Amino acid sequence: MDCGVKLSKVPLDCDNTSAINLTKNPIQHSKTKHIEITHHFIRDHVQKGDREIQFVKTENLLADLFTKPLARDRFNKLKTELGILDMKNVV
């Protein structure tokens, strides 16, 4: 389904500077030969210019809400940033 949304550079947030550097460096090193296929997929798209990796501090990484167990205060902060409402407070 085409919603008519066109993005020239899809932003990807990452809190790992080593992973970001690997996407920008096309040279293979002996330490990187066993990297997962998903890394190569992302690196290819970064080199094509249709993806952009940007650094985000760990405490601001919204994906953590869905991928990690979090302390209640951090969970609520990320939930609020995503605009998720607590139905108990909705009138």
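The values are calculated or read from the model by the stated rules, or taken from the named source; none is laboratory data. For clarity, every value in this text was computed on a predicted model and none was experimentally measured. Quick reminder, even Gly has a Cβ in these numbers, built from the backbone with ideal geometry, and neighbours come from all protein chains shown.
Here are the numbers for the structure shown:
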{"quantity": "Leading residue by the ranking (modelled with the highest pLDDT) among those in the range 76-89 that are over 12 Å from residue 59 (Cβ atoms) and of a type outside the set (S, T, N, Q)", "calculated": "79"}
{"quantity": "Qualifying residues in the range 13-37 (those that are part of a helix (DSSP H, G or I) and of a type in the set (Lys, Arg)) - the one modelled with the lowest pLDDT", "calculated": "31"}
{"quantity": "Among the candidates 68, 48, 88, residue that is of a type in the set (D, E, K, R) and either surrounded by 10 or more Cβ atoms within 10 Å (Cβ to Cβ) or closer than 18 Å to residue 16 by Cβ (or both)", "calculated": "68"}
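Per-residue answers, yes or no, for (1) on the phi < 0 side of the Ramachandran plot; (2) in a helix (DSSP H, G or I); (3) in the same structural domain as residue 25 (by TED's automatic domain parsing); (4) not aliphatic (A, V, I, L, M):
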residue: 39; (1), (2), (3), (4): yes, yes, yes, yes
residue: 45; (1), (2), (3), (4): yes, yes, yes, yes
residue: 52; (1), (2), (3), (4): yes, no, yes, yes
residue: 62; (1), (2), (3), (4): yes, no, no, no
residue: 69; (1), (2), (3), (4): yes, no, no, yes
residue: 76; (1), (2), (3), (4): yes, yes, no, yes
